[in-house]
Structures are given as C-alpha cells and as structure tokens.
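Just below is one structure, and these are the notes that go with it.
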Amino acid sequence: MQICSLLPSATEILYALGLGDSVVGVTHECDFPPEAAKKPALIRPRVDPHARPAEIDRQVNELVARGEGIYAVDAELLASLAPDLIVTQDLCHVCAASPDDLASALSRLPKQPKVLTLTPHTLADIWNDICRVGASTVTSRDAEALAVRLAQRVAATDAIARSVSKRPRVLCLEWLDPFYVGGHWVPDMVAKAGGEDMLGRAGEPSFRATAEEIAQTRAEIIVVMPCGYNAARTIAEFNCMRLPEVWSDLPAVRERRMFAVDANSYFSRPGPRLATGIEILAHIFHPELFDQNLPAGALHQLS
C-alpha cells in the first residue's frame, strides 16, 4: 500500500504501526520519527513559519479572509506518487491542507485513492483515530493494541493524580501574540495530570483571550505551548515579550511557576506522544509524585 500523510500526527501514527516503508509522501513538518523527514514533502506553507507570532497570525488571518488555504498541495508530486491512501484532517485550517486544496489536487489523479479524514477533539477521539488508521491499513490488531497501551499509560497517571488533595489552577497558552488558550484535548490532558484548566474548554477549539481575562483566572501555573513550537523556540519568543502589567498579581508570575514545553512534540499533534505530554504536565503540577525522567528538551522553567 502506498500512503501519503498530510499531517504530522498521522505520520507518527503510521510509523508507530510499522508502516513507515509504505509512507511515500508527507508534509514539510513531518519530523518524527526522524526518518519521516526524508520522505517527499507534498505540502508547502503559504505563510512564513519563521516569522514572529504576531506576523504569522496576521498572515493566517489574511489568507483566511481571502478564502485561501494556509498550505498548498503539490498536485504534480501527489500524482507521481499514486497513493492508495491519503490521511488528512478536517479539524484546524492552520494545521493541514484545506479540503478544497486537497480536492483540487485529487481531481487531477487518474486513480482516486481512499481518503481517511481525522477530526479528533478529545483524547478518546485520538485513540479511536489510531484504530481507524489501523482499519484502513490492515493493521487493526496493532492499532488496537497501541491505543490500549496509550490509554493505560494515561490511566496510570490519572490514578496517581486523583490522590492529590489540591489541584493547581492552570492556564495553557497555545499562542503568545495574540494570546490563545489551548483547547480540544489540552484541557483533558491537564485534568488527567492533576490540574484544573481555568479557561480551556475540553473538546472545543482554542480561542483568543485578553490579558485581563487571563489575569482574572488567578492561575498558579502557566504552561506556554505555542502550536508547532519546540521548547527552544517557545523560550526565545517568551523572552522577547513583555508580560502584561495586569499579570503582576498572578500567582504563577509572582512565584515564577511558568513553563515552556515542546508543544510540537507532545501537545499540538493529536498522536501517540500526547501520553508523554500528560506525564510532562503531571511532573509540572506534582513533582513530588511524578519524578520520572522526561525527554530531553521537553520542558523549561521560565523566569
């Protein structure tokens, strides 16, 4: 089977199911496992991914206002690869090629491939999507086993977290300029790790919040997880910003309990590594209970 993946999380799922050799095309952002980055890139961004957060936000809004997609599909390359299966998503227009762009590229193919569209909103949806990928690639048994293992890891963390007498008030920032609060599976991750998400809405999209709204949360911990950024880039962007004055009374700011995480690996992508993301959050919220070794570069305390 020839498979093209149009989003990084699907690429991770396919490789986790032992289908790396069947993957013939990916996106420019597919970097895990490392060998995935060697595959032909079918997607290119129409925004500058290296720009500052405010400029990226401006470019995205401008494209959306014009009715254009954030990413372009290389239709000629797609045709040359002749995939049997394309895995894409219909969750976030900033995360993958739009359905219209994909439909236009597919219209040029002599043989129409099967298209599997993933639209996860919760952790349960993500585990189910792994099984759906398995069903579409004749790896159902492996997919179901992987989904069970991931759910069990999360359940083990959740069981320990439930023993705490106090859950910290947590704020997860998915973007810094303007401020966006993490949504979809992020509030569930916070809950499983033993925290209370003060603004995020489980199963619903991320949304823009003002500095004043954030100040009113009285958050004790702030986790900075800009979508698509690793910890190093998050630290660099955070150090370039000036904290709003209204945040001066936030416990998280006063007590310096602000943390940059590798969102690109463990939070933004709805794939297998979200289980590790929950373990990272548990370590932040309750270090006395969760002292396991974390992946290198996954977490940094901000000053």
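Hey, among the residues in the stretch 215-235 that are among the small types (Gly, Ala, Ser) and assigned to a helix (DSSP H, G or I), which one's farthest from Leu302 (Cα to Cα)?
Among those residues, the one meeting the criterion is Ala215.
If we scan the stretch 124-137, do we find a residue that is open to solvent by 60 Å² or more (accessible area, probe 1.4 Å), assigned to a helix (DSSP H, G or I), closer than 23 Å to Val261 by Cα and without any contact (Cβ under 8 Å) to a residue 40 or more places away in the chain?
Scanning the stretch 124-137, I find at least one residue that is open to solvent by 60 Å² or more (accessible area, probe 1.4 Å), assigned to a helix (DSSP H, G or I), closer than 23 Å to Val261 by Cα and without any contact (Cβ under 8 Å) to a residue 40 or more places away in the chain, so the answer is yes.
Quick one: would you say Val164 is in a strand (DSSP E or B) and open to solvent by less than 70 Å² (accessible area, probe 1.4 Å)?
So Val164 fails the test.
Give just the number: which of (1) modelled with pLDDT of 95 or more; (2) not in a helix (DSSP H, G or I) does Glu212 not satisfy?
(2)
Could you go through the stretch 140-149 and let me know if any residue there is crowded, with 16+ Cβ neighbours inside 10 Å and of a type in the set (Gly, Ala, Ser).
yes
Here's a check for you: in the stretch 101-122, which residue that is open to solvent by less than 50 Å² (accessible area, probe 1.4 Å) and not in a loop (DSSP other than H, G, I, E, B) is farthest from Val23 (Cα to Cα)?
Asp101
Would you please list the contacts, defined by Cβ atoms under 7 Å and residues six or more apart or on different chains, that run from a residue in the stretch 72-85 that is closer than 12 Å to Ser5 by Cα and of a type in the set (D, E, K, R) to a residue that is open to solvent by 10 Å² or more (accessible area, probe 1.4 Å) and in a loop (DSSP other than H, G, I, E, B)?
Pairs that qualify, where the first residue is closer than 12 Å to Ser5 by Cα and of a type in the set (D, E, K, R) and the partner is open to solvent by 10 Å² or more (accessible area, probe 1.4 Å) and in a loop (DSSP other than H, G, I, E, B), are Asp84/Met1; Asp84/Gln2; Asp84/Pro113.
Restricting to the stretch 168-226, what's the tally of residues that are among the basic types (Lys, Arg) and crowded, with 17+ Cβ neighbours inside 10 Å?
Qualifying residue count for the region: 2.
Looking at (1) surrounded by 14 or more Cβ atoms within 10 Å (Cβ to Cβ); (2) among the hydrophobic types (A, V, I, L, M, F, W, C); (3) in contact with a Leu (Cβ under 9 Å, 6 or more places away or on another chain), which is the only condition Ala82 fails?
Among (1) surrounded by 14 or more Cβ atoms within 10 Å (Cβ to Cβ); (2) among the hydrophobic types (A, V, I, L, M, F, W, C); (3) in contact with a Leu (Cβ under 9 Å, 6 or more places away or on another chain), the lone unmet condition for Ala82 is (1).
The values are calculated or read from the model by the stated rules, or taken from the named source; none is laboratory data. The structure presented is a predicted model; accordingly, all values stated were derived computationally and were not measured. FYI the Cβ positions are ideal-geometry reconstructions off the backbone, even for glycines, and counts take in every protein chain you see. Keep in mind that these areas ignore ligands, DNA and RNA; they rest on the heavy atoms of the full protein, side chains included. Shrake-Rupley method; radii C 1.70, N 1.55, O 1.52, S 1.80 Å.
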